[in-house]
Amino acid sequence: MKGSLRPSKMWRPVLWVLVIAYFLIDAISASLLKPLRRWLDRLDAFRRMAGWIRSLGPYPSLFIFLVPLIVLEPVKPVSLYLVGIGQFYAGLIVFVVGEALKILLIERLFHLTRPKLMSFRLFAWAYGWVIEIFAYFRSFEVWKSARRWFEEIRAHARRVIWGQRLELRRQRVRR
């Protein structure tokens, strides 16, 4: 089909790898940022802000969710572009800071505004579609393997961190 937006069969595997990498980066980033998110949720200022956001109507809720999404979603491509033009550190900083903000802010905003956002039929349809795509990718063996690998790394990191904490406590007791 000439002129359509469908990629040729030759490029489909490359696109699949890029899409899977995109979603894996989000999943890994979200896992790494959970402790920070929990800490922020306990702060009084964030609790008050969450209460205010919950009190908003559907349209302000949609606005307050979409603006950061539109601003922060291009972080990965922009950071990739910066790395591609030789600005490795700038690309890395844009990626790390942008991903952290995106995950911390957008995930929390979605959680707070979800009931109101789902009142929009188009939004509810798009959300359902995204959930189906995630379920499809999570069914891949590559995704499952990457997830197991990540969990093993995380468990090892916890053991190392707890081992270091125990060693520091022992050293303090000896003094």
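The values are calculated or read from the model by the stated rules, or taken from the named source; none is laboratory data. These numbers come from a predicted model, not from an experiment. Neighbour counts run over all protein chains shown; Cβ positions are idealised from the backbone, glycine included.
Quick notes
- Unique match (being in the same structural domain as ALA30 (by TED's automatic domain parsing) and either within 30 Å of PHE63 (Cβ to Cβ) or exposed (fewer than 13 other Cβ atoms within 10 Å of the Cβ) (or both)) among ARG169, ARG121: ARG121
- Yes/no for ILE131 being exposed (fewer than 12 other Cβ atoms within 10 Å of the Cβ), within 25 Å of ARG38 (Cα to Cα) and under 16 Å from the mean Cα position of the chain (by Cα): yes
- Only listed residue being within 18 Å of LEU32 (Cα to Cα), out of contact with any His (no Cβ under 9 Å at 6 or more places or on another chain) and aromatic (Phe, Trp, Tyr), chosen from TRP125, TRP143: TRP143
- Candidates are the residues of region 89-118 that are within 17 Å of GLY57 (Cβ to Cβ) and out of contact with any helix residue (DSSP H, G or I) (no Cβ under 7 Å at 6 or more places or on another chain); the one that is surrounded by the most Cβ atoms within 10 Å (Cβ to Cβ) is ARG114.
- Selection status of GLY91, small (Gly, Ala, Ser), in the same structural domain as LEU112 (by TED's automatic domain parsing) and within 29 Å of ARG121 (Cβ to Cβ): no
- ILE161 passes every criterion in (1) exposed (fewer than 11 other Cβ atoms within 10 Å of the Cβ); (2) assigned by TED's automatic domain parsing to the domain that holds SER31; (3) in a helix (DSSP H, G or I) apart from (2).
- Only a single criterion out of (1) surrounded by fewer than 10 Cβ atoms within 10 Å (Cβ to Cβ); (2) touching a Gly at 6+ places or on another chain (Cβ under 8 Å) is not satisfied by LEU80, namely (1).
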